[in-house]
Amino acid sequence: MAKVALDTNILIYLYDVSDEKKRHISKSLLAVNPAISSQVISEYLNVTKRLHKLPKLEVLEKCIRLLAFCEITPLNAKTMTKALSLLKQYDFQMFDSIIVASALEANCTILYSEDLQHNQVIDNRLTIINSFL
């Protein structure tokens with residue numbers, strides 16, 4: 001089975017009651033024990049607090065429950081150096097390059113993201129998939 005990573009938007013849809021289809025797809029992706037970068041965790045906390053206007057305690061509690069299903073990939077100098085290389089090569093946004101670099105560092109073959117180019121292959125080993133198409 002392919003090792004997968006998730007972008008922030010996949011996690012955000014887990015609690016989106018306005019789009020049942022995206023919520024269902026997000027839950028199924030979480031069920032495969034994906035890799036999640038610490039960058040994604042930070043973005044998730046920020047967006048969840050802002051969009052859902054939840055108390056910070058509730059946001060952290062949701063995040064802790066969510067992370068029980070994930071492999072967390074930390075950021076380090078090697079990851080940031082790879083992110084810089086990706087930014088130069090593919091002209092990604094800064095935070096996207098960190099997320100892609102983290103997925104590569106975790107040896108993932110698929111990164112699920114709504115924000116990046118569907119079916120783009122990075123370094124001949126990571127395919128970006130928009131699961132909502």
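The values are calculated or read from the model by the stated rules, or taken from the named source; none is laboratory data. The shown structure was predicted, so the numbers you read here are calculated from the model rather than taken from an experiment. Backbone-built Cβ (ideal geometry, glycine too); neighbour counts: all protein chains shown.
One table, with the values for the structure above:
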item	result
Leading residue by the ranking (farthest from residue 117 (Cα to Cα)) among those in region 1-35 that are in contact with an Asp or Glu (Cβ under 9 Å, 6 or more places away or on another chain) and surrounded by fewer than 17 Cβ atoms within 10 Å (Cβ to Cβ)	33
Which numbered condition residue 63 misses (of (1) touching a residue at least 24 places away in the same chain (Cβ under 8 Å); (2) of a type outside the set (D, E, K, R); (3) over 21 Å from residue 128 (Cα atoms))	(1)
Which listed residue is on the phi > 0 side of the Ramachandran plot and under 15 Å from the mean Cα position of the chain (by Cα), from 9, 33	33
Selection count where residues are among the hydrophobic types (A, V, I, L, M, F, W, C) and outside any helix (DSSP H, G or I), scope region 38-91	6
Region 54-93, residues that are modelled with pLDDT under 95, exposed (fewer than 14 other Cβ atoms within 10 Å of the Cβ) and among the basic types (Lys, Arg)	56, 65
Tally, over region 94-133, of residues that are closer than 20 Å to residue 78 by Cβ, out of contact with any strand residue (DSSP E or B) (no Cβ under 7 Å at 6 or more places or on another chain), surrounded by fewer than 17 Cβ atoms within 10 Å (Cβ to Cβ) and not charged (D, E, K, R)	3
Any hit, region 40-48, residues being at pLDDT 95 or above and touching an Asp or Glu at 6+ places or on another chain (Cβ under 8 Å)	yes
